[in-house]
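What follows is a single structure, written as structure tokens, with notes after it.
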């Protein structure tokens, strides 16, 4: 998936990768180094043990041949590819063998370039042999193979770590990008929502002699601008800073006050609103209830069909607002209360109304549920 990043996001992305890959590289270097040193010591000890076993075996064959008076099969020893061997007399002169190096007999093990030599004197002069020098040919080859294997494994693992880091960096930045997209859409939608009523006001005021219809249009548009401003200030300022004025109100009276404005909006879309409202007293901030009610009814009008119906009922402490609109897909119902989320782009709005409703209901512990069917309508149920 390709993610379009801003310059600041790219900077964060590459900083994360640099720190992640840099620290991983240093850690893996340490691990590889200590693993190499440990394996090298193990190889050395194993090779030394094998050489000691081999030279002990040869020494035993020499002693046994001397005691039996049989011939010592030296040619067989000189043909092996695993090591080179030479035999020396009492004066440290070579009797026979295929070693060309000068031997320091004061040492038990001699390190030379790409190999080492083991000196053994356990033969004790049998067959006039006093020293055996055994040169190992495979140790340093195995060490080089070990280096190559470690380097190969290192780069394979590091490549995997790099790919994981690249994926994680994008994964971490994806929510940031999604929020940025939501915010950009929110700004665009807000501009559009404000432009519509403002344009209506400007067009109406061009005529000096306003008709009753034009005055009504100005009033509705001004009310809409006021609602947008109210929601925005509540969302970003008031719900955190303003002290709520909680009093006991008759919700029937508050609903009646708002219906004067909402009926006008519904009439423009030829939506019929049926009301069945009982008296019900509830302690709440007046503005908070108006925000809940207006947002739910405005949505019912906005997403309704032309000539549709809205049923509003307040009975037995339960407020129901039903519409005959487009409905909400079941897999989107859990997301409708998220800030900036819009289940559809068919109508205007900028995805904060239901987020405000959810916040207020949570504050007053009002239970809110929704039932919706595609192309049949949606019902919001508030239990006080």
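Bear in mind these aren't lab numbers, they're just calculated from the coordinates by the rules spelled out. Source: prediction; values computed, not measured. So basically every Cβ, Gly included, is an ideal-geometry build from the backbone, and we count neighbours across all protein chains shown.
Worth a mention:
- Stretch gain in nm, segment residue 150-residue 268, where the contour uses 0.36 nm per residue and the Cα spacing is subtracted: 34.8 nm
- Inter-probe distance in nm under a simple model that places probes 7 Å from Cα toward Cβ, at residue 140 and residue 329: 7.0 nm
- Here the spin labels are modelled as points 7 Å beyond Cα on the Cα-Cβ line, and at residue 98 and residue 178 they lie 7.0 nm apart.
- Residues in segment 315-340 that a label on residue 283 would reach, taking backbone N under 18 Å of a point 7 Å out along Cα→Cβ: 317
- Net length available on complete extension from residue 40 to residue 10 is 6.5 nm, with 0.36 nm assigned per residue and the Cα-Cα distance removed.
- Maximal additional length on extending the residue 313-residue 24 stretch stands at 97.7 nm, based on 0.36 nm per residue less the C-alpha distance.
- For segment 267-372, the gyration tensor built on C-alpha atoms gives an oblate shape. Its axis ratio a/c (a ≥ b ≥ c) is at least 1.5, and a/b is not larger than b/c.
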